[in-house]
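A short write-up of the structure that comes next.
The values are calculated or read from the model by the stated rules, or taken from the named source; none is laboratory data. Because the structure is predicted, anything quoted here is derived from the model rather than measured. Cβ placement follows ideal geometry from the backbone for every residue including glycine, while neighbour counts extend to all protein chains displayed.
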Amino acid sequence: MSPRAFLVRGLLAGLLAGVVTFLVAYSVGEPQVGAAIALEEAGDGHSHSHAAEGGEEEAPEVSRANQSTWGLLTGTLAVGVALGGIVGLVAAATLGRLGRLTPGQSTALVTLIGFVAVALVPFLKYPATPPAVGSGDTIGVRTAVYFAFQALSVVAAVVVAYAAVRLRGRFGTYLAVVGAIAAYLAVMVVAGELFPTVNEVGDFPADTLWFFRRASLITLATMWGVLGVALTGLVIRLYAAERAVAERKALAASL
Amino acid sequence: MSQHAVAPVAGADLPTIPLRELAPWALFFGLLGLLVLFFISADQGAVSIPSGTLIHEWVHDGRHLLGYPCH
């Protein structure tokens, strides 16, 4: 059980998550991206092809065929591997420090909290938008509030998890865990009310918007789900192998 | 304190990794991971390093489907 062993397993699990996420995003998400772009090109909304702005009929820098295949694969693989490495190291840090949870259990809990804090809660406040929704003029503000909200969510999750572990001895596991979850929810609901609302949907069709957002949520859930399942499995195997070695050593020493 | 009090009950053999040993790994690979996430999620949108739109265009669909702000 070394930092390196966790990092390598995190990267591997992330690679697998990236591949599976690409397959899911391509088959579930791309039809919705295509539908949004078709609407955009049919209407007289803002032009999505940046190269074509200003009325010029230039070829786009990256073709749609590349964006929806190699470009998408690049994105899911890179995000998967990066998240995998980070989650692997966080799992290493929590090892043996979350009460009596075994290495596999604490790793699974870390990825579950990671999905909620990094992906799900930010999605509820600032849901994914399809191409054609979202003005280029507001990308600065939208980027700032999205990452600020996500950072707050992660910090709140880490703080309440740490507090739950520390207060467990005094209040018991039940109260500590319920209190931690309630505190996290309270912070994020208040923050959600205070953070500015982004609404640039306009007259974009509600059904296409919902189908896209559902596909986006499925994509995010696939990323974190595969990462969590794969990493947990690898950590369980790692722990079992180390225990077997330790038992053999103990047996050898007793002879 | 609580984790030390709990450990001997059932998890006496639960392994831990000393934070001192973990810190250099977390610092280096954590920053590397965040850098990768930045280039995939936000570069050439609000902030552009390097300038241009090639990275933005190449990872465009992943950015939309993974829930990052895009346009």
Item to check | Of the criteria (1) in the same structural domain as A:TYR26 (by TED's automatic domain parsing); (2) surrounded by fewer than 21 Cβ atoms within 10 Å (Cβ to Cβ); (3) in a helix (DSSP H, G or I), which one A:GLY85 fails | outcome: (2)
Checklist entry - Does region A:204-222 contain at least one residue that is under 27 Å from A:THR21 (Cβ atoms), of a type in the set (Phe, Trp, Tyr), in contact (Cβ under 8 Å) with a residue 40 or more places away in the chain and more than 11 Å from every other protein chain (Cβ to nearest Cβ)? => result yes
Next on the checklist: Here are the criteria: (1) in contact (Cβ under 8 Å) with a residue 40 or more places away in the chain; (2) in contact with a Leu (Cβ under 8 Å, 6 or more places away or on another chain); (3) closer than 30 Å to B:HIS71 by Cβ. Tell me which single one A:VAL165 does not satisfy.
Outcome noted: (3)
Checklist entry - Which members of region A:108-143 meet the condition of being more than 7 Å from chain B (Cβ to nearest Cβ), over 18 Å from A:PHE195 (Cα atoms) and assigned to a helix (DSSP H, G or I)? => result A:ALA108, A:LEU109, A:VAL110, A:THR111, A:LEU112, A:ILE113, A:GLY114, A:PHE115, A:VAL116, A:ASP137
Checklist entry - Quick check: is even one residue across region A:148-156 free of Cβ contacts under 8 Å to residues at least 12 places away in the same chain and more than 10 Å from every other protein chain (Cβ to nearest Cβ)? => result yes
Checklist entry - Which one is nearest to B:LEU14 (Cα to Cα) among residues in region A:84-101 that are at the interface with another protein chain (Cβ under 7 Å from one of its Cβ atoms) and not charged (D, E, K, R)? => result A:GLY96
Next on the checklist: Condition first: within 30 Å of A:ALA35 (Cα to Cα) and out of contact with any strand residue (DSSP E or B) (no Cβ under 7 Å at 6 or more places or on another chain). Can you find one or more residues in region A:227-234 that meet it?
Outcome noted: yes
Checklist entry - Which residue out of A:SER153, A:SER216 is within 23 Å of A:ALA132 (Cβ to Cβ) and at pLDDT 95 or above? => result A:SER216
Item to check | Any chance A:ILE218 is aliphatic (A, V, I, L, M), in the same structural domain as A:ILE113 (by TED's automatic domain parsing), assigned to a helix (DSSP H, G or I) and surrounded by 15 or more Cβ atoms within 10 Å (Cβ to Cβ) | outcome: yes
Checklist entry - Which of the residues that make up region A:42-69 are at pLDDT 65 or above, surrounded by 13 or more Cβ atoms within 10 Å (Cβ to Cβ) and in a helix (DSSP H, G or I)? => result A:ARG64, A:ASN66, A:GLN67, A:SER68, A:THR69
Item to check | Filter pass, A:ARG243 being facing chain B (nearest Cβ under 10 Å), surrounded by fewer than 16 Cβ atoms within 10 Å (Cβ to Cβ) and modelled with pLDDT under 95 | outcome: yes
Checklist entry - What number of residues in region A:148-176 are aromatic (Phe, Trp, Tyr) and more than 20 Å from A:PHE115 (Cβ to Cβ)? => result 2
Next on the checklist: Take A:GLU200 and tell me if it is exposed (fewer than 12 other Cβ atoms within 10 Å of the Cβ) and either within 17 Å of A:LYS125 (Cβ to Cβ) or β-branched (Val, Ile, Thr) (or both).
Outcome noted: no
